[in-house]
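The values are calculated or read from the model by the stated rules, or taken from the named source; none is laboratory data. Nothing here was measured: the structure is a model prediction, and the numbers come from that model. FYI the Cβ positions are ideal-geometry reconstructions off the backbone, even for glycines, and counts take in every protein chain you see.
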Amino acid sequence: MSTTFDLIEDEQKKLVLRRPGEDDVADVRIRRSFPWSKPGEFVSIRSSEGKELVLIDDLKSLDPDVRGKIEGWLNVHSFIPRITRIDEVDVRFGYQQWKVQTDRGSADFRVQEREDIRFLHDGRFTIKDADGNVYELARLDQLDHHSRDALQSLL
């Protein structure tokens, strides 16, 4: 990556992109192009209007300080709870009601369609609830016995 840049937080805790010889760009956003399959590759820094300003091929190629800022920002602003335990999945009336524990606390949500549960190449799953929130579920063989039993109605 040939672009040199830095990211700073302003007084309002918004990110500012700073590049040599160019005006600072306030309130930038960071997005992963492939959040599930390549979370550290092809990371985009965008203006608040969505225009791509910098595309980072691989976070490992960055200065550790800048990489740390980006990873920290993504950890705080990327809300993808990881399901750690499934308490119950109730299948009725054409939808599924899930009660789970996540790395961010307990959650109850409804899944409208079977297609909202997607299998990932490495055995994990993504689950999109009726409100559009996305959850990550570990591979089945990594779940505890109770969680696997709770999924029996879906398998």
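Data for the structure
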item: Segment 87-127: number of residues that are small (Gly, Ala, Ser) and more than 21 Å from residue 145 (Cα to Cα); result: 1
item: Positions within segment 112-124 being surrounded by 13 or more Cβ atoms within 10 Å (Cβ to Cβ) and either under 12 Å from residue 154 (Cα atoms) or aromatic (Phe, Trp, Tyr) (or both), in sequence order; result: 117
item: Hits in segment 18-37 - residues which are of a type in the set (A, V, I, L, M) and assigned to a loop (DSSP other than H, G, I, E, B); result: 28
item: Among residues of segment 1-12, those that are assigned to a loop (DSSP other than H, G, I, E, B) and closer than 16 Å to residue 68 by Cα, counted; result: 2
item: Strands (runs of 3 or more DSSP E) wholly inside segment 52-155 that include at least 3 residues being within 30 Å of residue 18 (Cα to Cα) and under 21 Å from the mean Cα position of the chain (by Cα); result: 52-58
item: Failed criterion for residue 23 (all others in (1) surrounded by fewer than 11 Cβ atoms within 10 Å (Cβ to Cβ); (2) closer than 30 Å to residue 155 by Cα hold); result: (2)
item: Top-ranked residue in segment 30-44 [being surrounded by 15 or more Cβ atoms within 10 Å (Cβ to Cβ) and touching a residue at least 40 places away in the same chain (Cβ under 8 Å); ranked as farthest from residue 123 (Cα to Cα)]; result: 30
item: Qualifying residue in segment 71-85 (condition: of a type outside the set (A, V, I, L, M, F, W, C), at pLDDT 95 or above and under 23 Å from residue 147 (Cβ atoms)); result: yes
item: Some residue of segment 10-19 being hydrophobic (A, V, I, L, M, F, W, C), free of Cβ contacts under 8 Å to residues at least 60 places away in the same chain and within 27 Å of residue 118 (Cβ to Cβ); result: no
item: Sole residue being exposed (fewer than 15 other Cβ atoms within 10 Å of the Cβ) and over 20 Å from residue 30 (Cβ atoms), chosen from 72, 105; result: 105
item: Set 98, 36: member being touching a His at 6+ places or on another chain (Cβ under 9 Å) and hydrophobic (A, V, I, L, M, F, W, C); result: 36
item: Scan of segment 39-56 for residues that are touching an Asp or Glu at 6+ places or on another chain (Cβ under 9 Å) and charged (D, E, K, R), ordered by number; result: 41, 46
item: Number of positions in segment 9-51 that are of a type in the set (Asp, Glu) and within 19 Å of the chain's Cα centre (by Cα); result: 1
item: Residues within segment 125-147 that are surrounded by 13 or more Cβ atoms within 10 Å (Cβ to Cβ), touching a residue at least 60 places away in the same chain (Cβ under 8 Å) and over 18 Å from residue 34 (Cβ atoms), tallied; result: 1
